[in-house]
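Structure first, commentary second.
Quick note: the coordinates plus some simple rules give every number you see, no bench work behind them. These numbers come from a predicted model, not from an experiment. Counting neighbours? That spans all protein chains shown, and the Cβs are built from the backbone with ideal geometry, glycine included.
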Amino acid sequence: MQKHHRTALILFIIFCVVVLVAYIYQGKIIGLFSSRPSSSYPSWDSPSYKPSVISLFQLKVNRYSVGQYGYYEVVGEVKNISNKAYRFVQVKAVFYNSNNQAVGEETAYACATDYILPDGIKSFKFMGQNQPDYKTVRCEIISYREVD
């Protein structure tokens with residue numbers, strides 16, 4: 001009977017791995033942004049980074065790329081420019097095609113399990129595949145919660 005339990009456990013583990021790979025393959029990886037593909041991004045002090053959400057945060061995209069086969073990646077940071085700590089800072093990324101039409105949307109948390117302290121910076125990442133018409137991305141903070 002132990003042999004059947006071991007076989008069932010192995011099959012269950014294989015099933016879980018297949019489901020995880022399929023989930024990642026569909027581009028549903030949590031990650032966060034606003035920019036276009038570029039090798040040069042301004043610093044936090046640049047005038048092109050305007051504070052968002054009533055001067056609480058700044059968003060900065062460090063890297064945005066779409067590969068030849070539609071694999072995309074957006075890597076950026078959220079900076080807390082307020083004097084309070086926040087958690088559950090959620091960012092929405094809207095992807096646009098070459099005609100500037102919205103063709104996709106993702107959301108992710110910059111900090112869900114910890115806090116972003118005053119002057120603190122938290123990273124975010126969006127990634128997926130099969131999106132060859134993603135040409136630009138714009139990001140915004142859509143929700144957050146002040147730490148009590």
Review point. Using 1/(1 + (r/R0)^6) with R0 = 30 angstrom and r between the beta carbons of ILE81 and ALA102, what's the FRET efficiency to the nearest 0.05?
Key: 0.60
Study note, to complete from the structure: Rounded to whole angstrom, the alpha-carbon centroid of segment 99-118 lies from that of segment 63-89 at a distance of 6 Å
Check your understanding: Restricting attention to segment 84-129, which trypsin sites (Lys or Arg not before Pro) occupy a DSSP loop and are surrounded by at most 14 other Cβ atoms within 10 Å?
Key -> LYS84
